[in-house]
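Worksheet: one structure, shown below.
Bear in mind these aren't lab numbers, they're just calculated from the coordinates by the rules spelled out. Keep in mind that what you see is a predicted model, and the values were worked out from it rather than measured. Cβ atoms come from the backbone with ideal geometry, glycine included; neighbour counts cover every protein chain shown.
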Amino acid sequence: MPPNPKRVAVVGCGAAGMSAAYALSKHSDKFIVTVFEKEDVPGGMATSLDIDVDKYGASYINDGVQGCSPAFANTLRMFFELGFKPSEVGMQISFGKGPDFWSNVFPSQLTTHFRPDIRKFGRILSIISALEFLFVVIPVHVMLFLFRFSKDFGEKMVYPLVALFFGTGNQTPFISCVILERVFKDPSMRLFEYNDTSLLASIPTMYAFPKLHDVYTAWRHRTESANPRNVTFLLNHTVTRVITRDKNGVVLEFRAPSPPDRAANPGDYTDTVTERFDALILAVDAAANTTTTQLFAAWPRIWASHLRLPHAADHRFLFVPTSLFPNGFGQNTTPFETADAIIEDLGRIPDVEFVVEEGEVLGFGLSGTVKGATLRTKEARVQDRADVWFERGADCSIHPR
């Protein structure tokens with residue numbers, strides 16, 4: 001192993017995090033990897049639940065994700081490498097009810113009604129395939145309008161089918177119509193065979209996953225078995241904050257599991273640990289990502305539970321935090337007291353300045369002043385002159401005084 005292998009932190013132990021850790025484990029001479037996972041098992045959203053086999057005919061169910069199409073070749077290959085075999089299943093789907101019911105198993109009243117649209121749909125798929133460079137920027141709802149498909153055909157057949165496989169929900173009308181074409185035409189992505197009378201011609205072969213709890217446990221052991229071992233999994237460890245992230249590396253704050261005799265308190269930062277890494281891989285969803293980047297005050301003795309931002313000018317506001325029981329419990333005249341006195345003792349009157357472009361808030365900076373003079377040059381950007389800069393969807397950046 002070289003004298004200074006790169007230390008990499010992977011936050012999240014789902015499919016993305018495990019894939020990253022597994023790939024890096026192949027290069028134990030170059031990387032030392034630490035994987036953080038807030039749950040007690042790897043897998044992320046791919047979890048398994050044990051159920052009564054006598055009652056349900058199976059001993060488990062996979063929650064969150066259950067299977068895939070043959071197009072997911074890498075996923076299937078990983079199962080086989082770990083010693084697991086997915087089960088072949090025929091995928092039967094159905095939508096609607098009553099007169100709006102249709103299925104890929106047998107004809108229905110709805111498919112008979114839309115037979116002209118279905119036939120035209122097949123011709124349009126061929127046009128989209130031939131002119132992909134043009135249609136890649138055209139959403140599905142525009143394509144249906146341009147070629148004069150009936151509105152109900154889109155609402156009752158096309159949109160439900162696309163939403164089922166891509167999880168696009170109410171954004172389905174706005175996806176590229178090339179994606180729709182590939183569901184039927186692309187050799188590597190095709191899920192269904194087009195039929196000019198019923199839209200879907202067959203019951204395609206899909207694969208049901210084995211017990212994902214066992215798959216991810218085996219994957220973790222395989223990753224840890226690199227020789228020499230270079231990957232460590234910290235399960236039940238929650239990354240609470242990305243403190244700094246710059247060209248010199250990244251500093252993470254994380255919390256280890258609470259002792260058995262003490263209940264976990266997400267708001268308690270007294271038992272957190274900080275550690276420096278050379279690189280960071282955030283293998284978490286967007287919601288979890290925003291919770292790890294938190295804003296904190298750099299001024300001592302101020303623990304803000306509420307903030308008041310009186311408007312000063314333009315996009316600038318005065319920063320007036322409040323402190324909860326600053327004199328100790330039972331020593332205050334009101335439950336919340338402003339921290340003005342503390343700020344005056346420090347000789348600083350902080351303010352907040354927002355950066356807005358085209359109506360969108362890009363971030364805001366906290367700046368302190370000493371006797372009316374800013375600590376940094378006025379000509380610089382807010383991002384550069386602020387003592388603390390917090391960017392939307394990114395990390396909190398602290399400028400040392």
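Compute the signed sum of charges (Lys and Arg +1, Asp and Glu -1) over the other residues within less than 15 Å, Cβ to Cβ, of residue 163. If you can, show how the numbers build up before the last one.
On the way: positive: 156; negative: 155.
Surrounding charge for residue 163 is 0.
Treating cross-link reach as a plain straight distance, find the lysines whose alpha-carbon is under 17 Å from the alpha-carbon of residue 120, omitting any fewer than eight places away in the same chain.
151, 156, 185
Looking at the square roots a ≥ b ≥ c of the eigenvalues of the Cα gyration tensor of the range 1-124, which shape do they give, rounded for a/c under 1.5, prolate if a/b is larger than b/c, or oblate? Spell out each step's value before the answer.
Numbers: a/c = 3.19, a/b = 2.02, b/c = 1.58.
Because a/c hits 1.5 or more and a/b exceeds b/c, the range 1-124 counts as prolate.
Local charge sum around residue 205 (other residues, Cβ-Cβ under 15 Å, Lys/Arg +1, Asp/Glu -1)?
Details: positive: 85, 190; negative: 88, 193.
Residues close to residue 205 contribute a combined charge of 0.
Within the set of other residues whose C-beta is less than 13 Å from the C-beta of residue 108, count the net charge using Lys and Arg as +1 and Asp and Glu as -1.
Working: positive: 97, 115, 156; negative: 100.
Once positives and negatives cancel, what remains is +2.
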